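First comes the structure, then the notes that go with it.
Here, each number is a calculation from the coordinates, and none is a lab measurement. Everything numeric in this text was worked out from a predicted model, so none of it was measured. Neighbour counts run over all protein chains shown; Cβ positions are idealised from the backbone, glycine included.
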Amino acid sequence: MPHITVDYAPNLEPDVDIAALCDLLRRAAIETGVFPISGVRVRAFAATYVSIADGADQHGYIDISLRLRGGRDLELRQKATAHIFGLAEAFLAPVMARRSLALSFEMRDIDPQLSPKTGSIATFLPTDLKG
């Protein structure tokens, strides 16, 4: 874990490199030292329909959601949130300076008793990344 989902208004695609944002979020999550590399997953989805603020087409949004297996203390989660959101905010600052854009982030726990996991990604990572 974590699973990071980016939900965004499709009218942002001409102005925001969504693939680069996903990669930035992946790297930011790893940089926190809180999450195992093999568990980091980032995906993005453009909303089919949106209606924002006064309904004008100029408005856009990016909502970043991070789900993680429960058990980490609040201070650690707050530091990770600040780091990841700070990098996303800096990445999007040039866009926000020239157009209407709302950016939000939420981290939430997944109950480990109700979320079984299995996988082989860690097995296939280079040895220096398995730690």
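Data for the structure
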{"quantity": "³J(HN,Hα), Karplus 6.51/-1.76/1.60, whole Hz, each residue of the stretch 76-82, x for Gly, Pro", "calculated": "4, 5, 5, 5, 5, 4, 4"}
{"quantity": "Segment ASP23-ALA90, extension gain: residue separation times 0.36 nm, minus the distance between their alpha carbons", "calculated": "22.7 nm"}
{"quantity": "Simple label model, 7 Å out from Cα along Cβ direction - LEU74 to LYS117, nm", "calculated": "2.4 nm"}
